[in-house]
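*Asks:* Structure below; questions to follow.
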Amino acid sequence: MNRNLKEVALLFLKLGSIAFGGPAAHIAIMEVEVVKKRKWMSHQHFLDMVGATNLIPGPNSTEMTMHCGYEKAGFKGLIVAGISFVFPAILLTMGFAWLYNTYGKLPNVEIFMYGIKPAVIALILGAAYRLLKKALKNTITGILGLLTLIACILGINTILALFLPGVLGLFIHYIKKPKKASLSVNPFILVGLLISASNLKIAWTFFKVGAILYGSGYILFAYLDAELVNTGFLTRQELIDAVAIGQFTPGPVLSTATFIGWQLGGFWGSIAATIGIFTPSFIFVAVLNPLIPKMRKSKSIAAFLDAVNVAAVAIIIAVCIEMSKETIVDWRTTLIALLSLLLVFVFQKINSGFIVLGGAILGYFLSYI
């Protein structure tokens, strides 16, 4: 493995081990590591990737790791980054799946999440602040961002909240300076899955979900409920437990698929489900990444992307507000959040992993007071 690939692998293995709190938190930690500390790319390019990634199906934070890996080490970097990021979650989820299959219950880890969640909110706010400074190009993008934030708080569909500002930004661009613009799109890369016949149905089920999945873990729950519970492959309680596992393990919530695959077909079933649900993301990113610089060069597409970028940051802030309402519920979580904010904005060189770990330890001890 060359030096760049090794650096990609080690970084995303680390991030995959500490990435709690959902896509907004994962992207916040990523921004610190790849833009601020390692300078693999500019804030603008990172922001363009965030905006573009929000427009395709799949787990946004996992797809962002693939983009970052591609920027550092090409197509091999894309593969290594994606696998490295999801590996810790898959390994942990397999362990939980085995325990669940053997003993019929989940271990209690909520006491650690109590302190992790407010610490993660601070990391999200830090990243949102830095990205917003770059995303606010002019008064128009500011207004579009504010409208997106309000729309998200009012419960408007996230995809609409992304596309509508993009369309408005493009419309305003044409009004101000009409120009013809074209953008060539590469054909999709075909990927073959080598999988045993007995688990082909599991892989196909999760491939379909991964190919059309937009939104949060709750949307994932709805898809899997239709695909597995309504067809009798899984009980609703098993599905609820699977989604819970995805929520309190680090990395993408789509590791839920690994847990469910184990319930359906043991170890090889979990492998089939994992490959199935993540494969579409590798395909989408491999196609999308080379197009992003071309999108930025086209003035029309750049206007669309600028509006989508500021909308994406607004959505991150909206997620942070919702998380805060659910997480900061007493003086203990308030204290952890404030201390974490102090570390994020004042002591900026502190590793984000230590902030997450510190939140977990502090939450553990404060919960006994």
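The values are calculated or read from the model by the stated rules, or taken from the named source; none is laboratory data. Everything quoted here is computed from the prediction, not taken from an experiment. FYI the Cβ positions are ideal-geometry reconstructions off the backbone, even for glycines, and counts take in every protein chain you see. The area values use the complete protein model at the heavy-atom level, side chains included, leaving out ligands, DNA and RNA. Shrake-Rupley method; radii C 1.70, N 1.55, O 1.52, S 1.80 Å.
*Asks:* Which whole-number percent gives the relative contact order of the stretch 262-369, counting Cα pairs below 8 Å spaced six or more residues apart?
*Replies:* Here the relative contact order equals 13 percent.
*Asks:* Give the accessible area for W40 in Å² (nearest 10); use a 1.4 Å probe, count only protein heavy atoms, and leave out ligands, DNA and RNA.
*Replies:* Using a 1.4 Å probe on the heavy atoms, I get roughly 40 Å².
*Asks:* Among 224-236, 24-36, how do they line up from the highest to the lowest mean number of other beta-carbon atoms within 10 Å?
*Replies:* Ranked by mean Cβ neighbours within 10 Å, highest first: 24-36, 224-236.
*Asks:* Between T334 and I361, what length in nm is gained on full extension when 0.36 nm per residue of separation is reduced by their alpha carbon distance?
*Replies:* Contour length minus the Cα-Cα distance gives 8.2 nm.
*Asks:* Using 0.36 nm per residue, how much length does the chain from Q237 to T102 gain when fully extended, once their Cα-Cα distance is taken away?
*Replies:* 47.0 nm is the gain from fully extending Q237 to T102.
*Asks:* Right, here's the next one. Can you tell me the relative contact order of the stretch 21-151? Whole percent, Cα pairs under 8 Å, sequence separation 6 or more.
*Replies:* Relative CO of the stretch 21-151 lands at 30 percent.
*Asks:* With labels modelled as points extended 7 Å from the Cα through the Cβ direction, what inter-label distance (nm, one decimal) is found for N2 paired with E322?
*Replies:* Between N2 and E322, the simple spin-label model gives 4.1 nm.
*Asks:* With a ≥ b ≥ c the root eigenvalues of the C-alpha gyration tensor of the stretch 230-326, is it rounded (a/c under 1.5), prolate (a/b larger than b/c) or oblate?
*Replies:* Values: a/c = 3.44, a/b = 1.67, b/c = 2.06.
In terms of gyration-tensor shape, oblate.
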